[in-house]
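A.B. asks: Below is the structure I would like to discuss, written out as structure tokens.
The values are calculated or read from the model by the stated rules, or taken from the named source; none is laboratory data. What you see is a predicted model, and the numbers here were worked out from it, not measured in a lab. FYI the Cβ positions are ideal-geometry reconstructions off the backbone, even for glycines, and counts take in every protein chain you see. Surface areas here come from the heavy atoms of the whole protein model, side chains and all, with no ligands, DNA or RNA. Shrake-Rupley method; radii C 1.70, N 1.55, O 1.52, S 1.80 Å.
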Amino acid sequence: MDQPERPALKRLYIETYGCQMNVYDSERMRDVLAPLGYAPSDRPDDADLVVLNTCHIREKATEKVYSEIGRLRAHKERRAAEGKGMTIAIAGCVAQAEGEEIIARAPAVDLVVGPQAYHKLPELIARAARKSGERLAADFTAQEKFDALPARAPDGVSAFLSIQEGCDKFCTFCVVPYTRGAEYSRPLGDVLGEARALVEKGVREITLLGQNVNAYHGGEGGFAGLLRALAQIEGLVRLRYTTSHPIEMSDDLIALHGEEEKLMPYLHLPVQSGSDRILKAMNRKHDGAFYRRIIERLRAARPDIALSTDFIVGFPGERAQDFEDTLALVRDVGFASAYSFKYSPRPGTPAAAMMAQVDEAEKSERLARLQKLLSEQQRAFNEAQIGRVLPVLVTGQGRKPGQAHGRSPYLQAVHFEADAAPGAVVAVRIEAASQNSLAGARAASATEAA
Ligand code: 5AD
Ligand code: SF4
């Protein structure tokens, strides 16, 4: 009997660098490529298609991409000798920023695709196979991308949902406004539709994603309005969002943190520096006092809210006193977690051309001091949970029967003893804490914590 024609199985390997937006985009690329017969592989050397989903935000991103391409070229040549092909695709922000150069410099690369053009991957792959036409798609049409991408198949109880892309803030150190383009918000109806579909497929927690997620303006009521609408979805038990900008923390959004139980008491709110002089040079549009005031108001609305942030040390012109101001802000606020980086000049951004770049050794020393303080705070925050009963969203089962893992409301990883199905929220008594996770046991077998 004739079998319906199915595309031959091909292997796809995606290497993801950088932010959660890229993690989300890699998932979407897998979805776009599945109908073409691409099944995920966990190794680049036996893949028919390799995608490097690159990040341009820090460090020597471009050099890293070229050295990775070099490694892939060796696999490609070996496969060619065995009569097999390998398509190499460069995606993400390096693709957007340096697409033309990559095409010119790396003949092993078959195609380059910017973050707004992933829906064009099938077409680009077909062109690469025919060895004809443009190898580069790097235009800025976020709307078209979202409309064209297929429905998603979530693989767990917690999912990301991208609602906003790009940024108009132009912090002087940052490449995002150049690589991801102008701020674009997806229409409210589209976001709600995608969220409902995820919940129908078993998702219980949604993290809204965007470079400037709280600048969302895709529907009436702005970002707080969107959160309110999402909170109405039955079966969705937890909402989170990242990354936010302090100047977009509206009164309404702050109030919602005290009103909406589904909105988790955890917020990643990058401050970058505690020095007003440096914040001004960064074009952050807020100072230290403004940031402290936002935190105070968030805590008034939701006293247990856990805070996370980003810091850059060694921004051009940062003096010892500016750095002390950063440490003072950390001590004043108290963070549950934080990311901190040495300033790295990004070509084309205003800060890269500033005089008074800080010496590399000085940057390293400051970073080490800052990270020591931040990790002390993180450990103290985790240890403060010992003895508490926390509602934990179960994300999976442990290696042995009777073990499970999940997330606390404060985004801590929790390992615990219980027979609990993924998707349930169970009450866990916290018995131990480490730098990065908590451990405990189910508090009461019949109690399902809210
Ligand atoms: N150098 C160092 N860190 C940077 N970030 C963004 N651009 C740079 C840069 N040029 C950091 C910021 C931002 C995070 C995502 O990356 O702290 O919030
Ligand atoms: Fe970059 Fe964030 Fe500043 Fe936008 S607000 S320019 S994404 S650091």
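Okay, residues lined up against (1) in contact with a strand residue (DSSP E or B) (Cβ under 8 Å, 6 or more places away or on another chain); (2) within 15 Å of ligand 2 (Cβ to nearest atom); (3) in a strand (DSSP E or B); (4) free of Cβ contacts under 8 Å to residues at least 60 places away in the same chain:
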| residue | (1), (2), (3), (4) |
| --- | --- |
| Lys280 | no, yes, no, yes |
| Arg284 | yes, yes, no, no |
| Ala289 | no, no, no, yes |
| Arg293 | no, no, no, yes |
| Leu298 | yes, no, no, yes |
| Pro303 | no, no, no, yes |
| Thr309 | yes, yes, yes, yes |
| Pro316 | no, no, no, yes |
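A.B. asks: Check off (1) open to solvent by 70 Å² or more (accessible area, probe 1.4 Å); (2) outside any strand (DSSP E or B); (3) not β-branched (Val, Ile, Thr) for Gln435 and give me the number that stays unchecked.
C.D. replies: Result: Gln435 passes all but (1).
A.B. asks: Yes or no: Phe323 surrounded by 19 or more Cβ atoms within 10 Å (Cβ to Cβ) and more than 14 Å from ligand 1 (Cβ to nearest atom)?
C.D. replies: Taking the combined requirement at face value, the residue satisfies it.
A.B. asks: Among the residues of segment 218-264, how many are in a loop (DSSP other than H, G, I, E, B) and over 18 Å from the mean Cα position of the chain (by Cα)?
C.D. replies: 15
A.B. asks: Now, a different point. Please go through segment 209-237 and give me each residue that is more than 16 Å from ligand 2 (Cβ to nearest atom) and either surrounded by 21 or more Cβ atoms within 10 Å (Cβ to Cβ) or aromatic (Phe, Trp, Tyr) (or both), ordered by number.
C.D. replies: Selection gives Ala224, Leu226, Leu227, Leu230, Val237.
A.B. asks: I've got another one for you. Given the conditions (1) open to solvent by less than 30 Å² (accessible area, probe 1.4 Å); (2) over 24 Å from the mean Cα position of the chain (by Cα); (3) within 21 Å of Gly156 (Cβ to Cβ), which single one is not true for Ala421?
C.D. replies: Only one criterion is unmet by Ala421, namely (1).
A.B. asks: Let me ask something else about it. Write out, first by first residue and then by second, each pair whose Cβ atoms fall under 9 Å of each other, whose residues are 6+ apart or on separate chains, and whose first residue, in segment 393-409, is open to solvent by 60 Å² or more (accessible area, probe 1.4 Å) while the second is not in a strand (DSSP E or B).
C.D. replies: Pairs found: Gln397/Asp419; Gln397/Ala420; Gln397/Ala421; Gln397/Pro422; Pro401/Asp419; His405/Gly398; Arg407/Met264.
A.B. asks: Are any of the residues in segment 353-361 acidic (Asp, Glu) and over 30 Å from Leu298 (Cα atoms)?
C.D. replies: yes
A.B. asks: In addition: Of all residues being surrounded by 15 or more Cβ atoms within 10 Å (Cβ to Cβ) and either over 24 Å from the mean Cα position of the chain (by Cα) or at pLDDT below 95 (or both) in segment 352-368, which is farthest from ligand 2 (Cβ to nearest atom)? Just the residue, please.
C.D. replies: So the residue we want is Glu362.
A.B. asks: Which one is farthest from ligand 1 (Cβ to nearest atom), of the residues in segment 175-188 that are surrounded by 18 or more Cβ atoms within 10 Å (Cβ to Cβ) and at pLDDT 95 or above?
C.D. replies: Among them, the one singled out is Leu188.
A.B. asks: Can you work out which of the residues in segment 327-351 that are within 16 Å of ligand 2 (Cβ to nearest atom) and hydroxyl-bearing (Ser, Thr, Tyr) is most open to solvent (accessible area, probe 1.4 Å)? Let's see the steps before the verdict.
C.D. replies: The initial filter retains those residues of segment 327-351 that are within 16 Å of ligand 2 (Cβ to nearest atom), namely 338-351.
In the following step, the residues that additionally are hydroxyl-bearing (Ser, Thr, Tyr) were identified as 339-340, 343-344, 349.
Working: Tyr339: 127, Ser340: 16, Tyr343: 8, Ser344: 18, Thr349: 6 Å².
Ranking the candidates gives Tyr339 first.
A.B. asks: Is it the case that some residue within segment 271-285 is under 21 Å from the mean Cα position of the chain (by Cα), closer than 29 Å to Glu205 by Cβ, assigned by TED's automatic domain parsing to the domain that holds Leu374 and surrounded by 20 or more Cβ atoms within 10 Å (Cβ to Cβ)?
C.D. replies: yes
A.B. asks: Related question: Quick check: is even one residue across segment 35-48 more than 28 Å from Gly348 (Cα to Cα), surrounded by fewer than 22 Cβ atoms within 10 Å (Cβ to Cβ), within 24 Å of the chain's Cα centre (by Cα) and of a type in the set (Asp, Glu)?
C.D. replies: Yes, that holds for at least one residue.
Table: residues versus (1) open to solvent by less than 20 Å² (accessible area, probe 1.4 Å); (2) outside any strand (DSSP E or B); (3) over 24 Å from Ala159 (Cα atoms).
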{"site": "Arg30", "(1), (2), (3)": "no, yes, no"}
{"site": "Glu77", "(1), (2), (3)": "no, yes, yes"}
{"site": "Ala80", "(1), (2), (3)": "no, yes, yes"}
{"site": "Val94", "(1), (2), (3)": "yes, yes, yes"}
{"site": "Ala104", "(1), (2), (3)": "no, yes, yes"}
{"site": "Pro107", "(1), (2), (3)": "no, yes, yes"}
{"site": "Val112", "(1), (2), (3)": "yes, no, yes"}
